[in-house]
Amino acid sequence: MSQEILNSVAKDYMKESVSDFQVGDSVRVTVLIREGNKERNQKFEGTVIAIKAGGINKSFTVRRIFQGVAIERTFMVHSPKVSEIKVMRKGKTRRSKLYFLRERIGTKASRLKEDSARIAKDFKVLEDQAEAQ
Amino acid sequence: MATNIKDYGLIGKKVGMTQVFDEEGNVVPVTVVQLAENVVTEIKTEARDGYNAVQVGAFKAKDKHLTKADKVRFGKNNVENFRKTKEFRCHEVIEDLKVGDAINATDFFADLKKVDITGISIGKGFQGGVKLHNMGVGRNSHGSKSKRQIGSIGAGTTPGSVKKGKRMPSMMGNRIFTKTKAIVYKYDAEKNLVLIKGPVPGKANTTVYIKANGVRTWNTYNK
């Protein structure tokens, strides 16, 4: 009962729909950045190496190697500052946390297999939609 | 003389903690308090009782859950049975309130920014001086005989006694505790919930008492 009340409170602050991404996917996150009085959108692209917690507390970590320097940023899924999470590439992993990528150097660091099953599924949905039309 | 509704308080139940986002997108930790149906069970006046107060009842109870004294008390005022009652002291004589009236929470939380919230803090059992009073610890090795001992408790033959109030190991928590100036983040009239910024004393599903902060009142429950 208590948990139901807490969920109902958190629901008011949660986004209605969040793009369906998994660990191993390449995503492009659009973040609102405030510099003084100015506001602008910044895009951050990289591999999702961890998804943590659930509900309103859900967060994910994106890793990218930029000019030889690795950058990791953690975002809250339901934060109003995160306006868009776009899946660029669907990766296939056997692990829920890809912290082993931190020890990899060079091209090995970005070598994740594409998840053909999930991509095929997406195609099927698209085909079904086309057929329905 | 109209009585200020913010003079007396409300009874509620702590539901638990969660977090929400503010307009700027920052995370705000909040405690959710579910308000009970608060009904006036007794009004005390200076002429009769020596002080002005409103006694508020919440959480309806069956007859079998009450003591005989409580049954007589509620029966005399012709109100329903309640599990919890709380007296809130007021400065002025309460004239616009009758026994059996429900207290309007919407009026109470209108323009109210800060509250004092009382509950029973989480019990941590009998604890030593190190955890309870932040005392220092002794050496762990080299034959040390004072690892987590409280050390000296005073001088010798003179004065020959331990000073009153000397901090010693004792029960920690499980005491009535009031958090003052707690910020009211949001009042949800529809769900009958209040979101209070930060933690609130006590475990989930325990009773809490809410009073307006900054209103000139007595604090009867906090010694």
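All of the numbers you see were taken from the coordinates with simple rules; none came from a lab. Since this is a predicted model, take the numbers as computed values, not measurements. Using ideal geometry, Cβ is built from the backbone for each residue, glycine included, and neighbour counts are taken over all protein chains shown.
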Pair B:Ser144, A:Asn57: separation of 7 Å Cα→Cβ label points (nm): 3.5 nm
FRET efficiency, 1/(1 + (r/R0)^6) with R0 41 Å, evaluated for B:Asn192 and A:Glu45 via beta carbons: 0.35
Chain A - mean residue ellipticity at 222 nm from DSSP helices (-39,500 (n - 2.57) per run, n ≥ 4, rounded to 500): -6500 deg cm²/dmol
Charge dipole (the protein assembly as shown, unit charges on Cβ, about Cα centre) - positive-most of B:Phe108, B:Gly50, B:Gly123: B:Gly123
Cubic angstrom per residue, convex hull over Cα atoms of the protein assembly as shown: 324 Å³
Taking chain B and dividing mean pair separation by its residue count, relative contact order in percent (alpha carbons under 8 Å, at least six apart): 30 percent
Residues with amide H under 5 Å from that of B:Val56, placed H, sequence gap 5 or more: B:Thr41, B:Lys86, B:Glu87, B:Phe88
3J(HN,Hα) from dihedral phi, the stretch B:130-145, Karplus parametrisation 6.51/-1.76/1.60, rounded to Hz, x for glycine, proline: 5, 6, 6, 10, 6, 6, x, 9, x, 6, 8, 10, 6, x, 5, 10
Listed residues B:Gly165, A:Ile65, B:Phe177: farthest to the positive end of the dipole of the protein assembly as shown (Cβ charges): B:Gly165
Proximal charge balance of B:Val200 [Cβ under 9 Å; K/R count +1, D/E count -1]: +2
Span from the the stretch B:102-120 Cα centroid across to the the stretch A:61-109 one, whole angstrom: 45 Å
Neighbour cut-off at most 15 other Cβ (10 Å), DSSP loop, trypsin sites (Lys or Arg not before Pro), the stretch B:131-190: B:Arg139, B:Lys145, B:Lys147, B:Arg148, B:Lys163, B:Lys164, B:Lys166, B:Arg167, B:Arg175
Within chain B: Cβ-based charge dipole about Cα centre, in debye rounded to nearest 20 (Lys, Arg +1; Asp, Glu -1): 1860 debye
Relative contact order, percent, the stretch B:124-172 [alpha-carbon distance under 8 Å, six or more residues apart]: 50 percent
Note, ³J(HN,Hα) from phi for the stretch B:7-16, Karplus 6.51, -1.76, 1.60, rounded to Hz, x at Gly and Pro: 5, 9, x, 10, 10, x, 10, 6, 8, x
Cβ-derived FRET efficiency at R0 51 Å, B:Ser152 paired with A:Glu16, nearest 0.05: 0.20
Calculated [θ] (222 nm, deg cm²/dmol) that DSSP helices of n ≥ 4 give over chain B, each run adding -39,500 (n - 2.57): -2500 deg cm²/dmol
Nearest-20 debye value, the protein assembly as shown charge dipole, Cβ charges on Lys, Arg, Asp, Glu: 2540 debye
Extension gain from B:Thr180 to B:Glu80, taking 0.36 nm per residue of separation minus the Cα-Cα distance: 32.9 nm
Mean separation of Cα contacts under 8 Å (6+ apart) over length of chain A, as relative contact order %: 24 percent
